[in-house]
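Novice: Before I ask anything, let me first share the structure, which is written out below as structure tokens.
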């Protein structure tokens, strides 16, 4: 998901510099509801081992199930494009900082990709090439990764509706989803690829959205199950019946999507825990307290969750914290 205000015409190329870091730290909302019980979904293996969650900023997650690691939309390089200071440049060159990425991702076996914009896919080629992890994503993601040097045999193309058992207690249900839109009902770099691009992507505008997916990841028959979003829109009919314990919900930048929060939480049948994501400035290096995207009204989102699903516990994540299976803080990294 990209913040709506910046998704317009190109501006002149500007040099990449470090973005300023200043904002109030994220907090954990009050905890009125009990820890979720056994998963409301199913699948997998009872011997999945302990589960932990680490927010990687933006929409990204590291999920550790025993000694296995699953990543979702891992974007850690976080370079400047002008998106957050009114000088957005679609011609910004793609880059990856291996030392930054490697410090956070461990040795993943599986990488789930919601869509192919740079703030979701940008670091995946490096991760796939250096770890051998299997990548699950759209056909567009497949063609882009192959053009960037990832072995085609590592990539699983999905459309939505698949339920994939990766063994060892990890089950992934692929959910067809939608990309969020700005006030003009548009978004940056739409389009799909049905063949490799003529040249390997070099700029952020060379990475089209390529359709959007969500995922429900379940760790063992006893759970937990988590619904993972990469953008703040969804197919209401596609998410009905998922009933996750945890829902990692992208915060919207506006009100274009009609009654986004209440419709989503109703369709998910009131998840036990909601975790807002994609509300941070992802051009500030990850490390300290999260820096807010000034266009995101996180407080309004939290109020809407409380109104729509009063029994739901809300956890505003901090990338410095490791959370347990129920998204309760388990310690600092």
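Novice: Give me log10 I(q)/I(0) at q = 0.07, 0.09, 0.12, 0.14 Å⁻¹ for region 38-316, Debye formula, one equal scatterer per alpha-carbon, no solvent.
Specialist: -0.22, -0.38, -0.70, -0.98
Novice: In nm, to one decimal, how far is the modelled label at residue 151 from the one at residue 183, with both set 7 Å along Cα→Cβ?
Specialist: In this crude label model, residue 151 to residue 183 measures out at 4.9 nm.
Novice: If eta is 1.002 mPa s and T is 20 °C, what Stokes-Einstein diffusion coefficient results for region 49-128, Kirkwood Rh from Cα pairs, in µm²/s? The partial results should precede the final answer.
Specialist: Working: Rh = 13.3 Å.
Reported coefficient: 162 µm²/s.
Novice: So for 264, 121, 286, fewest C-beta neighbours within 10 Å to most, what's the order?
Specialist: Ranking 264, 121, 286 by Cβ neighbours within 10 Å, fewest first, gives 286, 264, 121.
Novice: Quick one: compute the contact order of region 38-316, relative version, from alpha carbon pairs under 8 angstrom and 6+ residues apart, as a percent. Spell out each step's value before the answer.
Specialist: Values: 669 pairs, mean separation 57.9, N = 279.
Relative contact order comes out at 21 percent.
Novice: What is the extension gain from residue 259 to residue 199, computed as 0.36 nm multiplied by their sequence separation minus the C-alpha to C-alpha distance, in nm to one decimal?
Specialist: Difference between extended and current length: 17.5 nm.
Novice: Give the Debye-formula value of log10 I(q)/I(0) at each listed q (0.19, 0.26, 0.27 Å⁻¹), with one equal scatterer per alpha carbon of region 201-274, two decimals each.
Specialist: -0.80, -1.25, -1.32
Novice: Now for a separate question. Each label point is 7 Å from the Cα along the Cα-to-Cβ direction; what then is the distance between the points at residue 99 and residue 237, in nm?
Specialist: The answer from the label model is 5.2 nm.
Novice: Using Cα pairs under 8 angstrom and six or more residues apart, how large is the relative contact order of region 94-172, in percent?
Specialist: Relative contact order, region 94-172: 25 percent.
Novice: May I have the pair-distance distribution P(r) for region 105-252, computed from all Cα-Cα distances with 10 Å bins from 0 and rounded to whole percent?
Specialist: Computed distribution, short to long bins: 11, 41, 36, 11, 1.
Novice: With a point put 7 Å past each Cα toward its Cβ, work out how far residue 163 is from residue 324 in nm, to one decimal.
Specialist: Here the modelled spin labels are 2.9 nm apart.
Novice: Give me the Kirkwood hydrodynamic radius of region 183-241, using the inverse of the mean 1/r over all pairs of distinct Cα atoms, in Å to one decimal.
Specialist: After inverting the mean inverse Cα-Cα distance, the result is 14.6 Å.
Novice: Right, something else. Normalising by the residue count of region 64-131, find the relative contact order in percent from Cα pairs under 8 Å and 6+ residues apart.
Specialist: 46
No lab work stands behind these numbers, since they all come straight from the coordinates. Fair warning: this is a prediction, and the values are worked out from it, not measured in the lab. Please note: Cβ atoms are built from the backbone with ideal geometry, for glycine as well, and neighbour counts cover all protein chains shown.
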